[in-house]
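> First, the structure itself, so that you have it in front of you.
The values are calculated or read from the model by the stated rules, or taken from the named source; none is laboratory data. Computed from a prediction, not measured in an experiment: that's the story for all the values here. Because the Cβ atoms are built from the backbone with ideal geometry, glycine has one as well, and the counts that use them run over all protein chains shown. For the accessible areas, the whole protein counts, side chains as well, though only heavy atoms, and no ligand, DNA or RNA atoms are used. Shrake-Rupley method; radii C 1.70, N 1.55, O 1.52, S 1.80 Å.
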Amino acid sequence: MSDPLGREITADYRIKAESAFIEMAKASGLALLKKSELNVMKATSFGTGQLIIDALDQGCKKIYLFIGGSATNDGGMGIATALGYQFLDKENKLLEPAGESLIKVSRIETNKVDRRLDQISFCTICDVTNPFYGLQGAAYIYGAQKGASENEIIFLNQGLCNFAEIIKNRYEIDLQKVNGSGAAGGVGGGALVFLNGELIS
């Protein structure tokens, strides 16, 4: 698995019957980084997506994803990329799944998405009600604790706005109206869209 900065780590999760219980912080958490390593612009939730893939490989039919304590602000791009989604800019160049890329997203490709996602159910669990972007959103409320400067917080918020607009046009889902969509750097909203899952408190 990958940590928030793409380094190889070992991360665990639990399986009971055909259900997997995955804690995002195990692969993409703040606790995995030293204070000097915090870099929310480049941090990714990709490792959490790898845990989901492993659960699919184990034959799990339902996945409970517990989000929180993340080092990321990528709107779930990392998780989605691990599952086969591709995010491209205006020049059709593939983007790295990190917070700094959100503002560049122009198109989402799904032809390589793991089709097993259609056969399982997802339940994403969070303990906050923050919207995707804005003064109460993911970047403004949680960016600083993940190492973002004032300017980076503004930039990340603009990226989340752009990402939400792309999602709204593609999937007809307005993440800004979904309580908890800003949880874990926007993973709350990203999981709702890319995992087609339920988001609950």
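> How high is the relative contact order of the chain, in percent, counting Cα pairs under 8 Å that sit 6 or more residues apart? The partial results should precede the final answer.
Numbers: 498 pairs, mean separation 44.3, N = 201.
Value for the chain: 22 percent.
> A further question follows. Using a simple charge model, +1 on the beta-carbon of Lys and Arg, -1 on the beta-carbon of Asp and Glu, nothing else, what dipole does the stretch 39-134 show about its Cα centre, in debye to the nearest 20? Write out the running numbers ahead of the final one.
Details: 10 positive and 11 negative charges, 38 e Å.
Taking the Cα centre of the stretch 39-134 as origin, the dipole is about 180 debye.
> Okay, next question. Using helices alone, what [θ] at 222 nm do you get for the chain, with -39,500 (n - 2.57) per DSSP H run of 4 or more residues, divided over all residues and rounded to the nearest 500? Intermediate values should be presented prior to the final figure.
Working: 6 runs with 61 residues, N = 201.
Helix contribution divided over all residues of the chain: -9000 deg cm²/dmol.
> Same structure again: Looking at the square roots a ≥ b ≥ c of the eigenvalues of the Cα gyration tensor of the stretch 1-43, which shape do they give, rounded for a/c under 1.5, prolate if a/b is larger than b/c, or oblate?
Working: a/c = 2.99, a/b = 2.68, b/c = 1.11.
Prolate is the answer for the stretch 1-43, as a/c is 1.5 or above and a/b outweighs b/c.
> Among the DSSP beta bridges whose two residues both lie in the chain, what percent are antiparallel, rounded to the nearest 5?
Values: 9 of 22 bridges.
That works out to approximately 40 percent antiparallel.
> Order 154-160, 39-45, 129-135 from most to least packed using the mean count of other Cβ atoms within 10 Å.
Values: 154-160: 22.4, 39-45: 25.3, 129-135: 20.3.
Taking the mean over residues of other Cβ atoms within 10 Å, the ranking is 39-45, 154-160, 129-135.
> Span-like helices, the chain: DSSP H, alpha-carbon axial extent 20 Å or more, mean Kyte-Doolittle 1.0 or greater, which ones? Write out the running numbers ahead of the final one.
Working: long enough: 150-171 (31 Å, -0.12).
Qualifying helices: none.
> Just from the alpha-carbon atoms, what are the Rg and Dmax of the stretch 75-201 in angstroms?
Expressed in Å, the Cα Rg and Dmax of the stretch 75-201 come to 13.7, 42.
> Just name one of ILE15, GLY76, GLY49: the one whose Cα is farthest towards the positive end of the charge dipole of the stretch 1-154 (beta-carbon charges, Lys/Arg +1, Asp/Glu -1).
ILE15
> Among LYS90/LYS146; LYS35/LYS146; LYS62/LYS177; LYS16/LYS62, which pairs are too far apart, with a Cα-Cα distance over 18 Å?
From LYS90/LYS146; LYS35/LYS146; LYS62/LYS177; LYS16/LYS62, over 18 Å: LYS90/LYS146; LYS62/LYS177.
> Distance from the Cα centre of the stretch 79-119 to that of the stretch 180-194, in angstrom?
15 Å
> For TYR171 and ILE15 in the same chain, what is the full-extension length gain: residue separation times 0.36 nm, less their Cα-Cα distance, in nm? Kindly include the intermediate steps, with their values, before the conclusion.
On the way: separation 156, 0.36 × 156 = 56.16 nm, distance 3.09 nm.
Length gained, TYR171 through ILE15: 53.1 nm.
> Just tell me which lysines come within less than 24 Å, Cα to Cα, of LYS93; anything on the same chain fewer than 8 places away is out.
The qualifying lysines are LYS42, LYS104, LYS112, LYS168.
> Accessible area of SER101, 1.4 Å probe, to the nearest 10 Å²?
Roughly 10 Å² of SER101 is accessible to a 1.4 Å probe.
> Of the accessible area of the chain, with the probe set at 1.4 angstrom, what percent is carbon plus sulfur?
Numbers: 4420 of 9380 Å².
Looking at the chain in its full context, I get 47 percent from C and S.
> Using the Cβ atoms and a cut-off under 11 Å, what net charge is assigned to the surroundings of LYS168, where Lys and Arg are +1 and Asp and Glu are -1?
Details: positive: ARG170, LYS177; negative: GLU165, GLU172, ASP174.
For residues surrounding LYS168, the net value is -1.
> Let me ask something else about it. If you plug each phi of the stretch 131-138 into the Karplus form 6.51 cos²θ - 1.76 cosθ + 1.60 with θ = phi - 60°, what whole-Hz ³J(HN,Hα) values come out, in order, with x for Gly and Pro?
Taking θ as phi minus 60°, the curve returns x, 5, 9, x, 5, 9, x, 4 Hz for the stretch 131-138.
> Which order do the peptides 162-168, 16-22, 28-34 come out in when sorted by mean C-beta neighbours inside 10 angstrom, highest first? Provide the component values of the computation, followed by the final result.
Working: 162-168: 20.3, 16-22: 16.1, 28-34: 18.1.
Top to bottom by mean Cβ count within 10 Å: 162-168, 28-34, 16-22.
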